[in-house]
1. With the other protein chains left in place, how much accessible area per residue, in square angstrom, belongs to the range 1-43 at a 1.4 angstrom probe?
2. Just tell me which lysines come within less than 25 Å, Cα to Cα, of Lys125; anything on the same chain fewer than 8 places away is out.
3. Report, in whole Å, the centroid distance computed from the Cα atoms of the range 83-131 and the range 1-28.
4. Order of 106-117, 90-101 by packing, highest average Cβ count within 10 Å first?
5. Counting other Cβ atoms within 10 Å, keep those with at most 14, restrict to DSSP loop, and tell me which chymotrypsin sites (Phe, Trp or Tyr not before Pro) in the range 1-57 are left.
6. Counting only protein heavy atoms and a 1.4 Å probe, tell me what percentage of the range 57-98's accessible area is made up of carbon and sulfur.
7. Apply the Debye scattering formula to the range 1-105, with a single equal point scatterer on each alpha-carbon and no solvent, then give log10 I(q)/I(0) at q = 0.21 Å⁻¹.
Amino acid sequence: NVARAGTTLHAALGWARERKTFGRRLADHQIVRHRLVDMLASIEAARAMLEETAWRLDHAPAGDPELVGSICMLKNVATRTMQFCADAAVQTLGGMGYMRGTHSERIYREVKVNMIGGGTEEIMKELAARFPWIDLTRVGIWGHSGGGFATTSAMFRHRDFFHVGIAGSGNPDNRVYE
């Protein structure tokens, strides 16, 4: 989700540098620059949390109850970041943000599936708060479309952590998610 948020920032930034309104590039308007900075700040915060959680996955003792809470909170932060950035990108791109086939449109359309799939925000919060004893030896991962690609990728990269994965169908051309 953090990478997909970055994809929307890249699209919005490229458009803001090229598109002109009122005789100036979009990027020359303060409100647009502030929106892009907010997107970048959200992405960097989520990326830092992701890297911290990944480090803890590699170094925490087996069954560390705090790790479950961190993973649940990371899912919420990453999907909220993706939602915010997708919305901000569509706002920046204007009508182009809704054009079928653009990265921003696709991510904007799919963001809710990512927020709900694998557990809603409320479920993730409840797991983080009430069930720190979840058995980390039985952890699974779920993803739809680009998330399915990420699910498979995560299972290969973290074989010792993810023991089951469900990858839903989606666009067979996953280069947009790499």
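1. Values: 2580 Å² over 43 residues.
Spelled out: the 1.4 Å probe surface of the range 1-43, per residue, equals 60 Å².
2. Answer for Lys125, where 25 Å is the Cα cut-off: Lys75, Lys112, listed by chain and number.
3. 18 Å
4. Working: 106-117: 19.2, 90-101: 14.6.
Averaged packing, sorted descending, gives the order 106-117, 90-101.
5. Details: sites: Trp15, Phe22, Trp55; in loops: Phe22.
Filter output for the range 1-57: Phe22.
6. Details: 1110 of 1890 Å².
Whole-percent figure for carbon plus sulfur exposure: 59.
7. -0.98
The values are calculated or read from the model by the stated rules, or taken from the named source; none is laboratory data. Since this is a predicted model, take the numbers as computed values, not measurements. Every residue, glycine among them, receives a Cβ derived from its backbone with ideal geometry; neighbour counts consider all protein chains shown. The area values use the complete protein model at the heavy-atom level, side chains included, leaving out ligands, DNA and RNA. Shrake-Rupley method; radii C 1.70, N 1.55, O 1.52, S 1.80 Å.
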